[in-house]
Amino acid sequence: MTELDQGLSAYRQMALIRDFESRLPRFAEEGLIQGSTHPSVGMEASAVGVSAHLRSGDTVASNHRGHAHCLAKGADPKRVLAEILGRVDGYCQGRGGSMHIDDKQLGILGTNGVVGAGIGLATGAALRHQYLGGHEVSVTFFGDGAINQGIFSESLNLAAIWSLPAIFICENNGYAQSSRLSDMVTDTNLTNRARALGVEASRVDGMHYWSVSEAARRAVEKARKGDGPSFIQVDTYRFLGHMAGDTEIYRDRDEVEKWQERDPLRILEDDLISRLGVKEETLRSIDEEVMRQIDEAEVFARESELPDAHDLRAQVFAIGQRGGADA
Amino acid sequence: MTALSENSSTSTQRTTTIRRALTEALADALEEDSRVVLIGEDLTKWGTGGGIYGVTKGLVNKAGSHRVRDTPISEEAIVSMGVGSAMTGLRPVVEIMYSDFLMLAMDPLVNQAAKAHYMFGNQFAVPMVVRTNGGGASGKAAQHSQSLETLFAHIPGLEVVVPSTPTDAYALLRAAIATDNPTVFLEHKAMYNVRGPLHKSIGELGRGRIARPGTDITVVASQLGLMKALEAAQTLWETDRVDVEIIDPRTLVPLDMGIVEESVQRTGNIVIAHEAVRDFGWGGYIASEVALRCWSSLNSAPRVVASKQMPIPYSPVLEEQVLISAASIVETVRHVLRSTHD
């Protein structure tokens with residue numbers, strides 16, 4: 001793929017994720033989304049920059065802010081949105097919701113409601129890839145908050161001693177919910193922690209698509225060759241609140257606006273136009289196509305049925321009984 | 001049937017220990033299915049070469065260090081890797097050195113493994129077995145002696161196995177490895193040397209057995225509770241001419257309530273005897289189910305005998321006072337049979 005092709009493809013995916021995620025607060029206001037939904041507006045370059053280097057057999061374990069990871073790996077926006085709205089056509093038939101979206105065919109091991117949990121699952125998937133002797137890699141996305149979970153240290157250490165094909169992507173958006181990273185660690189250069197555990201680490205500007213992509217390319221290549229795990233600190237920012245209803249009293253508007261000036265979509269757009277000679281109308285027509293695609297997803301999800309409760313407890317187990325004496 | 005007799009299978013019949021039966025189950029599973037891997041702490045080099053109680057002894061020589069893997073002391077990551085590798089197609093058998101340490105891995109077990117199949121709309125099975133040992137009677141004190149099976153049985157989506165004979169240890173471990181569901185396989189640390197015949201077959205989860213046939217009262221018991229119940233039954237027969245029927249559920253999830261119901265309909269009385277503490281335990285759960293299902297057959301209120309509601313103390317004279325005993329089962333059975341309403 002030429003740089004131009006990759007850039008245009010990335011722009012399309014990032015625009016799609018931007019449009020998709022930007023609509024979620026409205027669904028919440030309409031009362032169509034129950035519980036917690038965490039949009040990733042502003043962080044698109046991370047999911048897209050990493051996924052650019054993944055193949056179909058590769059696996060991704062995501063976190064609570066995970067719609068972008070799924071969409072970048074190829075998930076159908078119709079079915080992702082239907083799941084977020086708790087509809088029968090969602091990836092999990094409405095059983096999972098925003099924090100539990102998966103697609104086995106695409107190697108998506110789920111978004112996850114427990115901070116850091118995907119890191120351990122991805123380490124297990126990496127063990128599987130290594131054990132079976134193929135060239136698949138295991139990727140996990142998590143936030144800066146997750147690095148203070150025990151599973152982070154346990155997993156990176158294991159990946160290092162066993163040289164597992166695991167790629168740990170830490171999306172540092174500066175806040176664990178409302179807690180500033182610099183209040184929760186003494187060293188905000190998280191690569192030091194990863195290196196201390198024996199994992200090669202790099203730190204990139206997460207608002208710059210090409211920086212993320214290049215770091216991910218190297219990490220994926222290394223893992224595919226059997227040369228072990230990598231950690232990438234992707235410095236980024238979420239433009240919206242942690243979730244619907246976030247008062248955002250923990251950060252200043254100035255700070256948000258300062259980061260919005262470094263919008264990853266605009267940075268990529270400028271680069272495509274100025275360096276790679278893309279016409280602005282090309283990008284605007286991509287914007288329109290993407291908008292139509294998400295319009296369709298919205299219609300699809302809104303029209304999808306709510307799940308039927310008659311088989312409510314079916315498949316609690318993969319095989320056999322439903323469990324419980326009243327089964 | 002007696003305590004240690006089983007439905008026969010075609011293969012070799014010989015006497016061995018629960019420990020050896022477990023080792024053979026793992027060896028056979030490793031040999032028959034290349035997706036099986038063993039993951040845990042000190043599996044290959046501890047003691048005489050295999051795990052805290054020697055269950056994995058010799059397996060690394062047969063299957064290789066890529067399949068029998070010594071890990072760092074990282075329980076949460078060990079079980080997480082079990083879940084992640086099971087979701088992607090392996091059949092990991094994870095060993096946690098003591099069930100007490102499984103408390104460090106409750107997220108991957110409870111929030112990930114137990115939920116994945118349902119929560120993700122049937123896309124992912126989690127064919128993981130977590131092998132560990134529970135129970136006391138070993139002088140290992142409060143953090144190495146608990147009977148925590150009820151915690152796991154309380155979580156929808158987990159299967160819980162509690163074998164008490166070599167044949168069951170073999171057959172149920174093979175079944176746990178074969179099933180697509182996540183399973184907590186609880187061995188009893190004081191019972192690894194229990195001997196009995198070994199009939200090799202792949203068992204069925206969710207089928208209890210009559211460990212001792214009787215006519216006057218049903219006692220449901222597993223593992224150390226079962227050992228004590230067998231002892232109590234002997235005493236009750238010799239001194240009171242009371243004929244106790246003992247049911248070993250073998251698995252708590254799925255639970256074979258049918259065999260319990262059928263027994264209570266014949267005996268009219270039931271005591272559940274377990275080593276786990278009584279409050280909010282599985283004994284109380286069976287008692288309530290029996291009250292609902294067998295009300296018209298019952299001559300007395302269902303009762304639970306259990307260990308005392310407290311941490312396990314170290315000193316043997318203290319531990320003995322806390323754990324379930326044959327004497328407490330005898331006493332409870334006598335009390336129940338004095339309290340019948342007919």
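Taken together, the values in this text are just the output of simple stated rules run on the coordinates, not laboratory data. Just so it is clear, the structure is predicted and the values come from calculations on it, not from any experiment. Here Cβ is always computed from backbone atoms with ideal geometry, including for glycine, and neighbour counts include all displayed protein chains.
Tell me, what is the percent relative contact order of region B:4-100, built from C-alpha pairs under 8 Å that lie six or more residues apart?
29 percent
Obtain the nm distance between the two label points defined at A:Ala314 and B:Arg266 by a simple spin-label model: each point lies 7 Å from its Cα along the Cα-to-C-beta direction.
In this crude label model, A:Ala314 to B:Arg266 measures out at 3.8 nm.
For B:Ile246, list long-range residues whose amide hydrogen, built 1.01 Å from N in the peptide plane, is under 5 Å from its own amide hydrogen.
Under 5 Å from the amide H of B:Ile246 lie the amide H atoms of B:Ala211, B:Arg212, B:Gly214, B:Val219, each far enough along the sequence or on another chain.
Less than 15 Å Cβ to Cβ from A:Ser40, Lys/Arg counted +1 and Asp/Glu -1: what total charge do the surrounding residues give?
-3
Distance in nm between label sites at B:Phe280 and A:Asp76, each 7 Å beyond Cα in the beta-carbon direction?
4.3 nm
Determine ³J(HN,Hα), in whole Hz, for all residues of region A:287-297 in sequence, where each value follows from phi through the Karplus function 6.51 cos²θ - 1.76 cosθ + 1.60 and θ = phi - 60°; x replaces Gly and Pro.
Values, residue by residue: 4, 5, 4, 5, 4, 4, 4, 6, 4, 4, 4 Hz.
Hey, rough spin-label estimate for A:Glu261 and B:Ile73, points 7 angstrom out along Cα→Cβ, what's it come to in nanometres?
Label-label distance for A:Glu261 and B:Ile73, simple model: 5.2 nm.
Against the longest principal axis of chain B, how steep is helix B:18-32, in degrees 0 to 90 to the nearest 10, with axes from Cα atoms?
40 degrees
Inside 10 Å of the C-beta atoms of A:224-237, what's the mean count of C-beta atoms belonging to other chains?
Rounded to a whole number, the mean comes out at 0.
Taking 0.36 nm per intervening residue step and subtracting the Cα-Cα distance, what contour gain separates B:Gln234 from B:Ser339 on full extension?
My answer for the length gained is 35.7 nm.
Counting alpha carbon pairs within less than 8 Å and at least 6 residues apart, what relative contact order, in whole percent, applies to chain A?
Relative contact order here is 22 percent.
When chain B is modelled as a GNM with alpha-carbon springs shorter than 10 Å, which of B:Gly136, B:Gly196, B:Gly258 fluctuates the most?
The residue that fluctuates most here is B:Gly258.
On each of the three principal axes of the Cα atoms of chain B, give max minus min coordinate, whole Å, ordered largest first.
63, 45, 44
If you place +1 on the Cβ of every Lys and Arg, -1 on the Cβ of every Asp and Glu, and leave all else neutral, what size is the dipole of region B:267-342 about its Cα centre, to the nearest 20 Debye?
For this selection, approximately 200 debye.
Estimate the FRET efficiency between B:Phe101 and B:Lys45 by the formula 1/(1 + (r/R0)^6), using the beta-carbon distance for r and 22 Å for R0, to the nearest 0.05.
Efficiency at R0 = 22 Å is approximately 0.75.
Please state, to two decimals, what the Cα-based radius of gyration of region B:5-199 comes to when divided by 2.2 N^0.38 Å (N = residues).
Compactness ratio reported: 0.96.
Mind pulling the angle between the C-alpha long axis of helix B:326-338 and the longest principal axis of chain B? Nearest 10 degrees, somewhere in 0 to 90.
Roughly 40 degrees, rounded to the nearest 10.
I need to check one value: relative contact order of chain B, counting alpha carbon pairs closer than 8 Å and at least 6 residues apart, in percent.
17 percent.
Which order do B:Asp256, A:Asp308 fall in if you start with the one that has the fewest other Cβ atoms within 10 Å?
Placing the least packed residue first, the sequence is A:Asp308, B:Asp256.
Which of B:Met97, B:Met257, A:Met207 has the fewest other C-beta atoms within 10 Å, and how do the rest follow up to the most?
Lowest count first: B:Met257, B:Met97, A:Met207.
Over what distance in Å are the Cα centres of region A:173-249 and region B:68-133 separated?
Region A:173-249 and region B:68-133 have Cα centres spaced 26 Å from each other.
Could the peptides B:112-120, A:182-190 be put in order, highest first, of the mean number of other beta-carbon atoms found within 10 Å of their residues?
Packing proxy ranking, top to bottom: B:112-120, A:182-190.
For an R0 of 41 angstrom, estimate the FRET efficiency from the Cβ-Cβ distance between A:Arg23 and A:Ile161 and round to the nearest 0.05.
0.40
Kindly provide the GluC sites (Glu not before Pro) of region A:213-306 that DSSP labels as loop, not H, G, I, E or B, and whose Cβ sees at most 11 other Cβ atoms within 10 Å.
Sparse-neighbourhood loop GluC sites (Glu not before Pro): A:Glu261, A:Glu305.
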